[in-house]
Amino acid sequence: MFDVKQICMIYDMEKEEKLYALKGFDLQLPDRGLIGIIGPSASGKSTLMYCLSTLKIPTEGSILYNGRELTNCTNVERDDLRRREFGFIFQKHYLVPYMSAVENVMVAANEKDKTMRKKAEEILTKLGIREREFSKKPAKLSGGQCQRVAIARAVINDPKVIFADEPTASLDHENAYNVMKILKEYSLERLVLVVTHDKSILKDCDRILEMWDGEIRDASSDIPEKERG
Amino acid sequence: MLNFAVVGQSLRMALQNIRSNRMRSFLTMLGIIIGVGAVIGLVTIVQAVSGELMGEFSDLGAGTISVQTYASAMKYGLSDKDMEVLANVEGVEGLSPTVSLTTTSVVGKEVYEETNVEGKNTLYFQHNSDIILSGRAFNEQDMSGDAYVCIVDQSYVKHALLGKQVLGGQILLHGYRYTIVGIYKKSDNMMSMMMDDSTLAGTILVPYKNALTMTGNGVVNSLEVYVEDSADMTKVEERLRATMKNLYNENDDFFSVYNFSSLMDMVDSATSMMSGLLGGIASISLLVGGIGIMNMMLVSVSERTKEIGLRKALGATPGRIQAQFMIESIVLSMVGGFIGIVLGESIAMIAAKLMDTKFVFSVGAIMLGFGFSAAVGIIFGWMPAKRASELNPIDALRAE
């Protein structure tokens, strides 16, 4: 699905001492599966995710998405791609405070009709949100419920790729486990990329990529086979 | 591309956000409410007063030219011959002389010392057909000078004829017995009310030749000239003035010629100017209201940076983000405008009641109010909306 070649991201281009967030590496990602990207802070893992999801344009290199060069896309094409093919889950849920749970899911929906609303309700139900909570504002929902609403928002348009940036960082262990379980389920039909610095949540991943100072290595073998799902 | 669904969603979001910040939204709208309310209220009041004034002048003689003469050693007034000359002026349809005097009237055994008597001709009634309440107006036979018929006003009926036969009844005037053939409605305009003398028993209209006999001098000092529909009022007025000057031996100190239409034009332009001036002053508060909206929208953009970041990350185009905030600004402004219109119309209604004038429900003023508020929403919402649309999604999501 993704074919990354010599991707390089430099911050502070105008300064004498350039800051390399990504130091030029190749990477191939499949059409489906749960891929974990792990690494310490400022290792470049979020930057990689933003480049893959078109939220950032790499300074150098190429990103092919299903054979299409993302670095050459116009802003409108990038917006369109994110709207139609990508889903996003962030560290914080970023739910709109004055909207109900269902309306928050509908924010991302490409169509705003009744069918989509029904679909949003079905997804919320599947994610364990009860019907009486559909009309509740985020302030009336627990942290775990909010994150599940955010997951529903990410999948409402049936995206081909879900980008999850530290999706469990603000959750307790139980909720974190549940969120990863849901993401694992979704990864059976699509590509789910999870960026985290918490190795423990990646035990069900099909592949783990470790980032360190802007460079990447496959670390799948670091997790014993018996701990992986 | 913006479509109905996007506009609908933006509208819903705008209303949700306004509802969730009720007090702040209301205070922001207050500027627009006061601004639109003041513009609508003042414009409507001025329009009502203007309409009232125009009505008064119209009652006094729209489409007519008034000729007044003042007694001089040379000429006491206009004779029948003079009037014939004036009637033949190009563009003149006819003349209606007014001969007024105050005299004594007697009904049965009751004597009314102060009775106003006015002499009128048939043309007067042709041009004021709606004043006859019952009975009839004068006809050509009544104009011979020896027909003793009269028409009384409501005031005379109230003072002298209550409980007595009115139509067909008789009044003694200047030694002659006049038969009442009609009752007429005296003009209730402000000028008439100002000239109304409470000591008078009322007004009696008699054929103008009879009134001339009563005055004893046989001349007319006041007349109304009716102008043909196709004729130019100003030109007819000029011709009449020239004719009068000729009749007065090139001396224009002893007569005056008034064109009510030009007077009405003057009043109209004065009230329009006043309306514009007051509306202009009131629209300053609209400007202040607009700045209030811009301030609120800037605060809103700043508070909702993460929401904007999220929507952009999810693929919302800058155009959609801009539309969302523009629609919110317009909704805020137009809701304020609607309340302002209701407030302004209420003020105008109360003012009409207090000033005893007619309340005019002005569709134009309402359109003006809505137009103003929508314009304020667009103008003052544009900059914050533009700022929102230009936010970088990652920076917006990371903003604290």
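The values are calculated or read from the model by the stated rules, or taken from the named source; none is laboratory data. Predicted model, so just to flag it, every value in this text is computed and none were measured. Positions of Cβ are backbone-derived with ideal geometry, glycine not excepted, and every protein chain shown enters the neighbour counts. Only protein heavy atoms, including side chains, enter the accessible area calculation; ligands, DNA and RNA are left aside. Shrake-Rupley method; radii C 1.70, N 1.55, O 1.52, S 1.80 Å.
Computed values, structure above
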read-out	value
Single unsatisfied condition, A:THR125 versus (1) more than 25 Å from A:SER41 (Cα to Cα); (2) within 12 Å of another protein chain (Cβ to nearest Cβ)	(2)
Selection count where residues are surrounded by fewer than 16 Cβ atoms within 10 Å (Cβ to Cβ), modelled with pLDDT under 90 and more than 17 Å from B:GLU113 (Cα to Cα), scope the range B:170-186	1
Flag for B:GLU328 being free of Cβ contacts under 8 Å to residues at least 12 places away in the same chain, in contact with a helix residue (DSSP H, G or I) (Cβ under 9 Å, 6 or more places away or on another chain) and closer than 30 Å to A:ILE89 by Cβ	no
Residues that are open to solvent by less than 10 Å² (accessible area, probe 1.4 Å) and either at pLDDT below 90 or not basic (Lys, Arg) (or both), drawn from the range A:140-158	A:GLY144, A:CYS146, A:GLN147, A:VAL149, A:ALA150, A:ILE151, A:ALA152, A:ALA154, A:VAL155, A:ILE156
Of residues in the range B:311-366 being of a type in the set (Ser, Thr, Tyr), part of a loop (DSSP other than H, G, I, E, B) and open to solvent by 20 Å² or more (accessible area, probe 1.4 Å), the one farthest from the other protein chains (Cβ to nearest Cβ)	B:THR357
Among the residues listed as A:LYS137, A:LYS119, the single one being open to solvent by 40 Å² or more (accessible area, probe 1.4 Å) and either away from every other protein chain (no Cβ under 11 Å) or of a type in the set (Asp, Glu) (or both)	A:LYS119
Scope the range B:194-228; condition free of Cβ contacts under 8 Å to residues at least 12 places away in the same chain and either more than 15 Å from B:TYR76 (Cα to Cα) or aromatic (Phe, Trp, Tyr) (or both); matching residues	B:MET194, B:MET195, B:ASP196, B:SER198
When residues of the range B:201-220 are limited to those that are surrounded by 17 or more Cβ atoms within 10 Å (Cβ to Cβ) and in a loop (DSSP other than H, G, I, E, B), the one modelled with the lowest pLDDT	B:ALA201
Which numbered condition B:ARG19 misses (of (1) more than 14 Å from every other protein chain (Cβ to nearest Cβ); (2) open to solvent by 30 Å² or more (accessible area, probe 1.4 Å))	(1)
Any hit, the range B:60-76, residues being out of contact with any strand residue (DSSP E or B) (no Cβ under 6 Å at 6 or more places or on another chain), basic (Lys, Arg), touching a residue at least 24 places away in the same chain (Cβ under 8 Å) and over 21 Å from B:ASN210 (Cβ atoms)	yes
Residues of the range B:367-379 classified as touching a residue at least 60 places away in the same chain (Cβ under 8 Å) and open to solvent by 30 Å² or more (accessible area, probe 1.4 Å), total	3
In the range A:45-66, the residues that are at positive phi and within 14 Å of chain B (Cβ to nearest Cβ)	A:THR54
Yes/no for B:SER283 being under 30 Å from B:THR28 (Cα atoms), away from every other protein chain (no Cβ under 14 Å) and polar (S, T, N, Q)	yes
Subset of the range A:64-81 (residues that are in a strand (DSSP E or B) and surrounded by fewer than 18 Cβ atoms within 10 Å (Cβ to Cβ))	A:LEU64, A:ARG68, A:GLU69
So B:GLY280, is it open to solvent by 10 Å² or more (accessible area, probe 1.4 Å) and either in contact with a strand residue (DSSP E or B) (Cβ under 7 Å, 6 or more places away or on another chain) or not in a loop (DSSP other than H, G, I, E, B) (or both)	yes
Residues located in the range B:386-400, provided they are at the interface with another protein chain (Cβ under 10 Å from one of its Cβ atoms), of a type outside the set (A, V, I, L, M) and open to solvent by less than 50 Å² (accessible area, probe 1.4 Å)	B:PRO393
Filtered residues of the range A:136-183 (kept if touching a strand residue (DSSP E or B) at 6+ places or on another chain (Cβ under 9 Å) and β-branched (Val, Ile, Thr))	A:ILE151, A:VAL155, A:ILE156, A:VAL161, A:ILE162, A:THR168, A:VAL179
Flag for A:ARG132 being free of Cβ contacts under 8 Å to residues at least 40 places away in the same chain and either at the interface with another protein chain (Cβ under 9 Å from one of its Cβ atoms) or assigned to a loop (DSSP other than H, G, I, E, B) (or both)	no
Boolean, B:GLU84 is open to solvent by 20 Å² or more (accessible area, probe 1.4 Å), modelled with pLDDT of 85 or more and touching a Phe, Trp or Tyr at 6+ places or on another chain (Cβ under 6 Å)	no
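Table: residues versus (1) part of a strand (DSSP E or B); (2) closer than 23 Å to A:TYR186 by Cα; (3) within 21 Å of the chain's Cα centre (by Cα).
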| residue | (1), (2), (3) |
| --- | --- |
| A:GLN6 | yes, no, no |
| A:TYR50 | no, yes, yes |
| A:ARG83 | no, yes, yes |
| A:TYR98 | no, no, no |
| A:ALA108 | no, yes, yes |
| A:ALA120 | no, yes, yes |
